[in-house]
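Next up is a structure, given as structure tokens.
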Amino acid sequence: MSKGSRVASARVAAKSAVKIRAALAASIDARRVYTQYMDTNPPVTKDQVLARARARAWAMKNVNLDLATYKKVLARYYGDMYVLGQREALENMADRAQKGPVATANSKPKLNPQGLPIFDPSFTINWDAWTPGNEGAAALLSKPGGLKDLLGEIDIQARGIADYSHDLLGTALADGIARGDTPVTIANAIRDSLSSPERALTIAITEGQRAKISANLDSYQANNVEQIQWTVNDPQDADCLDNDGEIVNLGDEFPSGNTQPPVHPNCQCDVIPVMPDLSGTPEYADLTDEEIAARLDDSEMAVVADLAKYNPDQARDERGRFSSGGGGLEDKHGAEAASHAQTLYSHAKGIEPLLTQNMRDLADKHGTKLEGLDFRLKTQESLTSKIALGVKDGKTPAEVARTISDANRYTMVTDPANYRAAAEAVQKDLQNQGYDVRVKNYWQEGSNYKGVNMALTDPSGNRIELQFHTAESLAMKEETNHPIYKEYQKMDETTPEAQALNAQMVANSATLSTPPGLTNYGEPKIGKAVDLSDFYGYDRREGGNL
Ligand SMILES: [Zn+2]
């Protein structure tokens, strides 16, 4: 948050970016990848969309990236940024508590038995000279707070890196072949695509921020800070602008739907603690709550934290980090659902770039429009509640998680006259690319939802949903019926009120005219009340990948 901590973060990130880059470059033998691909005699085609898709699918299946070094580098880096984040949190808290700098400041945090820093109103630090030193490595052994989770998720993070690497290298491969480049040039292009300086730096900034914010939040929580404020540091950061300056309870969602940064590659947003104004401390203790409130400005009125509550020995909530204390996800199943959702979400995010490029190409090729790209990923929150709700039916969270096939979703929109032909052409192309395609036709009487939904399984077994709409049926779903669904969602679906809302959605959908040629296309399906969450649950969310 302070200029000093940002400079120190950038210095640590730059150092690690060099190591990340080397680890990515060493993750494949690019010449061998090229030779192996040529051994498959890839058919010559003028359809570069197909050529790229084929090379990427081949890479996903056949190229094993060795990310062992990458994971080691990342773990060490998480440790370094975590200890940096602890200091930053102490600095933020001391700064916000407005005790001012104290000459005897100590820049080495006092830690509680859980390894989390204890609030010290006189904490200051000279960032210029600061390096993590051995403390980052030591933190890897004691794994305080969220650092343990981050280290536990390194395999998932590396899988995202691998997925996107396959995408990058497949594209470089197909494009090099199409240009008629020499094998050496193509091999170099493959290696460079994986280990560009920009990619390494983006990974370093984003993952460093992840570890730092985790340490910030752990430190705030350990010291009973109850509210945090989002700060956008990069004025170009359009994704997070709505969150700038917003205050929420720890663990609650900011306007974007995220609970904490980073939410996109290169996100450098911070969270600062909301602290009581302690200026004029001597009489502070004598003031009543109302008198204190009267002295605070609007944003400070939101202060819930109270220094009187600081108790350094307080144990951490064992159930999970930053639980907001309400909600229905506080049981064991809830925590399990959240963890499966996180895995699903990370994976969906990892395969997203390949998919988006392919879907965009296919949409262009067949005269359809790719709509709603902002909604191409189901939110982690939606996935969590979908899994948690599914558990009620007697299944385990793991079983429910395996049934989810729409963590990645795309929507193509076309004229009614072109609808069937376009859907079929896209279906065929996907099948030629090795996808398994199941066509579900919701253009049926009595359905509360109209459209064709394709359930796709890519050659690696990832499941994706592709919806086909006319402009009218998309507007019906997104504009007319969505607000009704929002109301419906809050109700018990067995009540007459809920059923009336569903009937309203069925009646609205019945006003749509079915595009020609759909009576014998795909499997007929009728959208029912209970299916509704499948049609929604995609809030606008982060894009991008590492
Ligand atoms: Zn951001």
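No value in this document is a laboratory result; all are computed from the given coordinates. Values in this document were obtained by computation on a predicted structure and should not be read as measured data. Quick reminder, even Gly has a Cβ in these numbers, built from the backbone with ideal geometry, and neighbours come from all protein chains shown.
Which shape class, rounded, prolate or oblate, goes with the stretch 332-535 when its Cα gyration tensor gives a ≥ b ≥ c as root eigenvalues, a/c under 1.5 marks rounded, and past that a/b bigger than b/c marks prolate? Provide the component values of the computation, followed by the final result.
Numbers: a/c = 1.93, a/b = 1.10, b/c = 1.75.
Taking the square roots of the gyration eigenvalues as a ≥ b ≥ c, the stretch 332-535 is oblate.
Arrange HIS482, HIS166, HIS340 by Cβ neighbour counts within 10 Å, fewest through most, would you?
Values: HIS482 14, HIS166 27, HIS340 22.
With the sparsest Cβ surroundings first, the list reads HIS482, HIS340, HIS166.
To continue, here is another question. If amide H atoms are built 1.01 Å from N in the plane of the peptide, which residues on other chains or at least 5 residues away come under 5 Å of the amide H of THR124?
It is ASN106, by chain and number.
For the stretch 2-42, take the alpha-carbon Rg, divide it by the Kirkwood Rh, and send me Rg/Rh.
Numbers: Rg = 18.3 Å, Rh = 12.9 Å.
Dividing the radius of gyration by the Kirkwood radius yields 1.42.
Using 0.36 nm times the number of residues separating THR480 and THR396, minus their current alpha carbon distance, what extension gain do you get?
Working: separation 84, 0.36 × 84 = 30.24 nm, distance 3.50 nm.
So the chain would gain 26.7 nm between THR480 and THR396.
Something else: Give, to the nearest whole percent, the P(r) tail of the stretch 110-186 beyond 16 angstrom, counting all Cα pairs.
The share of Cα pairs beyond 16 Å in the stretch 110-186 comes to 72 percent.
Placing +1 at every Lys and Arg Cβ and -1 at every Asp and Glu Cβ, with all other atoms neutral, what dipole size does the stretch 3-225 have around its Cα centre, in debye to the nearest 20? Please report the intermediate quantities before stating the final value.
Details: 29 positive and 22 negative charges, 29 e Å.
Roughly 140 debye for the stretch 3-225.
A follow-up question, please. Taking a ≥ b ≥ c as the square roots of the eigenvalues of the Cα gyration tensor of the stretch 3-225, is the shape rounded (a/c under 1.5), prolate (a/b larger than b/c) or oblate?
Working: a/c = 3.41, a/b = 2.93, b/c = 1.17.
Because a/c hits 1.5 or more and a/b exceeds b/c, the stretch 3-225 counts as prolate.
When the dipole is taken about the Cα centre of the stretch 332-535, and only Lys, Arg (+1) and Asp, Glu (-1) are charged at their Cβ, what size is it in debye, to the nearest 20? Please list the in-between numbers first.
Details: 23 positive and 27 negative charges, 65 e Å.
In debye, rounded to 20, the stretch 332-535 gives about 320.
Then there's this: Please arrange PHE123, PHE254, PHE375, PHE468 by how many other C-beta atoms lie within 10 Å of their C-beta, fewest to most.
Numbers: PHE123 26, PHE254 22, PHE375 18, PHE468 29.
Neighbour counts put them in this order, fewest first: PHE375, PHE254, PHE123, PHE468.
Going by how many other beta carbons lie within 10 Å of each one, how would you line up ILE526, ILE228, fewest first?
Going from sparsest to densest Cβ surroundings: ILE526, ILE228.
Of the DSSP beta bridges with both residues in the stretch 332-535, give the percent that are antiparallel, rounding to the nearest 5. Please report the intermediate quantities before stating the final value.
On the way: 16 of 24 bridges.
If we restrict to bridges inside the stretch 332-535, about 65 percent are antiparallel.
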